[in-house]
């Protein structure tokens with residue numbers, strides 16, 4: 001097995017909350033000591049509710065937010081680089097390797113540019129093509145891969161529906177031939193009938209172009225369908241990482257179990273009320289001590305309230321951060 | 001049988017725009033009874049919100065209601081009231097916030113940020129009931145407690161920015177129900193909430209229907225939410241009600257190709273590796289409304305040119321379960 005494309009090691013991102021004259025300024029721990037490996041060519045799903053830090057993790061890996069502590073190792077053809085230590089020239093090259101797909105296809109496209117110019121823009125910025133013909137050829141090739149009608153390249157974004165716009169923004173993301181894509185809630189703004197089409201497109205691009213995806217979503221059933229691996233986040237930490245089938249067949253962490261049972265089932269007679277969580281997600285500015293989930297966990301003990309659980313081996317390739325997962329799964 | 005609270009018939013709503021009249025709701029009819037949750041599902045542009053707003057005449061001033069459209073509301077005292085025939089804002093008072101309350105997707109936008117939650121709850125109670133300020137305050141605090149907000153007396157004095165998203169939605173439900181409306185319109189009430197909080201709010205709404213015996217028109221794009229809350233479902237596409245029936249009938253035995261398409265496009269946790277089948281094509285824009293059956297441009301089961309020419313009637317296939325599809329219509333004729 002080859003080395004993972006991205007390795008995140010003990011990554012923390014803290015944001016200062018105002019200033020304090022005496023003592024240390026308070027910080028918001030958006031991400032706290034997160035470690036994970038994203039295998040080359042994988043579709044890696046990242047789920048969590050609001051405030052879980054999933055977007056911050058995606059942004060940190062793209063070097064779009066300052067890193068407080070830890071390492072992010074990216075392994076491209078040229079070898080290993082630590083993204084946290086990377087200089088400007090290296091960062092510029094990395095921008096070509098790693099790209100982002102945004103949530104809102106209405107806000108992501110410049111209304112004054114034609115579809116052709118929108119898709120071609122990254123090529124110009126990175127100086128990847130020399131002639132207009134070369135640019136056009138590349139734009140048409142990528143537009144066809146994203147199943148865009150080539151007749152539409154001369155039009156402006158307002159003429160398109162949400163699904164078509166998302167295909168345009170995917171084409172722009174892929175035009176400089178990146179290897180790694182962060183898709184942050186890429187289908188959240190789309191209607192169900194269109195969402196399936198975009199998910200299928202992303203999966204086929206993963207296979208055809210050998211792409212590695214970090215797919216961030218709040219929707220566990222969407223993540224379940226496209227991902228090979230799934231990581232579950234809660235309040236800035238990872239609670240469970242597992243191959244897809246292991247996670248959905250036998251979730252280890254009580255939070256993962258609760259998240260799965262909270263998804264409204266399509267079967268009107270399926271009542272999974274038993275696992276319902278009480279209480280609300282604590283504020284990341286004022287997280288509880290010990291296991292961050294203990295305030296809502298039905299199985300919390302004195303140990304959970306004082307000791308932070310480490311992410312450990314849960315069998316079947318699963319890693320889980322819970323003191324009691326073993327007792328709970330019998 | 002439970003009393004019929006509202007009866008909508010032949011509702012057609014168009015909007016005057018610079019590009020001409022745009023049809024948003026086209027010939028929609030349904031009833032809601034006491035203690036019943038009717039789920040209204042549809043994608044963006046299906047007209048579900050315009051339909052809901054028509055029940056309280058809340059659509060913008062450029063809305064045009066067709067003359068045959070009727071929204072008959074049964075009032076607690078006296079006979080039915082035709083909401084669409086009301087002209088003055090004063091006449092709307094017993095309807096808006098009286099017989100019908102509405103809750104929205106974004107609770108932050110529904111509360112005034114500069115007034116306390118309590119102030120707003122008391123204000124609407126005093127407007128709609130003959131309650132004293134003291135009694136209104138007591139009832140408001142009791143309602144906050146009923147929807148599961150801890151320390152209700154302290155929360156009563158707070159502003160919405162001090163509430164979390166789930167708490168704001170609970171407070172909005174408390175406020176909407178404190179006037180004891182006969183019908184509650186809930187427009188995507190849990191869409192902005194996290195799943196674990198959504199599950200709590202849905203449980204709460206089901207409990208309150210049981211306790212208060214009111215009817216709910218529950219609007220959502222999420223079929224899972226419908227399955228877990230609604231008694232009956234109405235599916236809308238491009239302003240038309242394409243299928244209606246009991247929640248089990250519609251989800252287990254969908255009649256309309258669009259309903260089947262929606263179910264096939266949905267990722268399901270019980271079939272992780274099943275391929276997702278998108279509904280082909282895109283939703284047509286408001287100015288390119290298809291002729292005949294509005295779904296024919298995306299339908300995989302259309303019968304030649306007939307579907308583009310003929311508007312399907314609502315055909316009943318089982319008691320309480322029907323759809324607007326020419327295939328059903330033809331099958332019924334053949335059976336005769």
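The values are calculated or read from the model by the stated rules, or taken from the named source; none is laboratory data. It should be emphasised that the depicted structure is a prediction, and the values quoted were computed from it without experimental measurement. As a convention, Cβ positions derive from the backbone with ideal geometry for all residues, glycine included, and neighbour counts pool all protein chains shown.
Residue check: is residue B:334 outside any strand (DSSP E or B), away from chain A (no Cβ under 13 Å) and modelled with pLDDT under 90?
So residue B:334 fits the description; yes.
If you check residue B:310 against the conditions, is it more than 10 Å from chain A (Cβ to nearest Cβ) and either buried (at least 19 other Cβ atoms within 10 Å of the Cβ) or within 25 Å of residue A:161 (Cα to Cα) (or both)?
Considered against the rule, which asks whether it is more than 10 Å from chain A (Cβ to nearest Cβ) and either buried (at least 19 other Cβ atoms within 10 Å of the Cβ) or within 25 Å of residue A:161 (Cα to Cα) (or both), residue B:310 comes out as no.
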Which members of the stretch B:226-237 meet the condition of being more than 12 Å from chain A (Cβ to nearest Cβ) and either surrounded by fewer than 24 Cβ atoms within 10 Å (Cβ to Cβ) or out of contact with any helix residue (DSSP H, G or I) (no Cβ under 6 Å at 6 or more places or on another chain) (or both)?
B:234
Within the stretch B:262-277, is even one residue more than 10 Å from chain A (Cβ to nearest Cβ) and either without any contact (Cβ under 8 Å) to a residue 60 or more places away in the chain or under 22 Å from the mean Cα position of the chain (by Cα) (or both)?
no
Looking at the stretch A:192-199, can you tell me whether even one residue there is over 23 Å from residue A:121 (Cα atoms), within 18 Å of the chain's Cα centre (by Cα), more than 8 Å from chain B (Cβ to nearest Cβ) and at pLDDT below 95?
no
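The rows are residues; the columns are (1) more than 14 Å from every other protein chain (Cβ to nearest Cβ); (2) touching a strand residue (DSSP E or B) at 6+ places or on another chain (Cβ under 7 Å); (3) surrounded by 18 or more Cβ atoms within 10 Å (Cβ to Cβ); (4) free of Cβ contacts under 8 Å to residues at least 40 places away in the same chain.
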{"position": "A:144", "(1), (2), (3), (4)": "yes, no, no, yes"}
{"position": "A:150", "(1), (2), (3), (4)": "yes, no, no, yes"}
{"position": "A:175", "(1), (2), (3), (4)": "yes, no, yes, no"}
{"position": "A:180", "(1), (2), (3), (4)": "yes, yes, yes, no"}
Considering only residues that are part of a helix (DSSP H, G or I) and within 22 Å of residue A:204 (Cα to Cα), which ones fall in the stretch A:140-151?
A:140, A:141, A:142, A:143, A:144, A:145, A:150
Scanning the stretch B:161-175 for residues that are facing chain A (nearest Cβ under 10 Å) and either assigned to a helix (DSSP H, G or I) or under 22 Å from the mean Cα position of the chain (by Cα) (or both), which turns out surrounded by the fewest Cβ atoms within 10 Å (Cβ to Cβ)?
B:165
Kindly indicate which of B:78, B:45 is modelled with pLDDT under 90, outside any helix (DSSP H, G or I) and under 27 Å from residue B:266 (Cα atoms).
B:45
Out of (1) in a loop (DSSP other than H, G, I, E, B); (2) under 21 Å from residue B:215 (Cβ atoms); (3) touching a residue at least 40 places away in the same chain (Cβ under 8 Å); (4) touching a helix residue (DSSP H, G or I) at 6+ places or on another chain (Cβ under 9 Å), the odd one out for residue B:6 is which?
(1)
From the options A:208, A:184, residue that is at pLDDT below 95, touching a helix residue (DSSP H, G or I) at 6+ places or on another chain (Cβ under 6 Å) and away from chain B (no Cβ under 12 Å)
A:184
Some residue of the stretch A:234-243 being in contact (Cβ under 8 Å) with a residue 24 or more places away in the chain, under 29 Å from residue B:263 (Cα atoms) and touching a helix residue (DSSP H, G or I) at 6+ places or on another chain (Cβ under 6 Å)
no
Elements of type strands (runs of 3 or more DSSP E) contained in the stretch B:176-257, each with 1 or more residues being over 12 Å from the mean Cα position of the chain (by Cα)
B:232-237, B:240-246
Test residue B:289 against the criterion of being out of contact with any helix residue (DSSP H, G or I) (no Cβ under 9 Å at 6 or more places or on another chain), at pLDDT below 95, more than 25 Å from residue B:224 (Cβ to Cβ) and surrounded by fewer than 20 Cβ atoms within 10 Å (Cβ to Cβ), and give yes or no.
yes
Of the residues A:266, A:235, only one is at the interface with chain B (Cβ under 7 Å from one of its Cβ atoms) and surrounded by 17 or more Cβ atoms within 10 Å (Cβ to Cβ); which?
A:266
Taking residue A:81, is it modelled with pLDDT of 90 or more and either within 30 Å of residue A:155 (Cβ to Cβ) or surrounded by 15 or more Cβ atoms within 10 Å (Cβ to Cβ) (or both)?
no
Restricting attention to the stretch A:211-232, and to residues there that are away from chain B (no Cβ under 11 Å) and surrounded by fewer than 24 Cβ atoms within 10 Å (Cβ to Cβ), which single residue is nearest to residue A:296 (Cα to Cα)?
A:229
Report yes if residue A:309 is crowded, with 19+ Cβ neighbours inside 10 Å and within 11 Å of another protein chain (Cβ to nearest Cβ), otherwise no.
no
How many residues, within the stretch A:289-306, are crowded, with 16+ Cβ neighbours inside 10 Å and assigned to a loop (DSSP other than H, G, I, E, B)?
9
Is the stretch A:162-171 home to any residue that is within 14 Å of chain B (Cβ to nearest Cβ), modelled with pLDDT under 90 and assigned to a loop (DSSP other than H, G, I, E, B)?
no
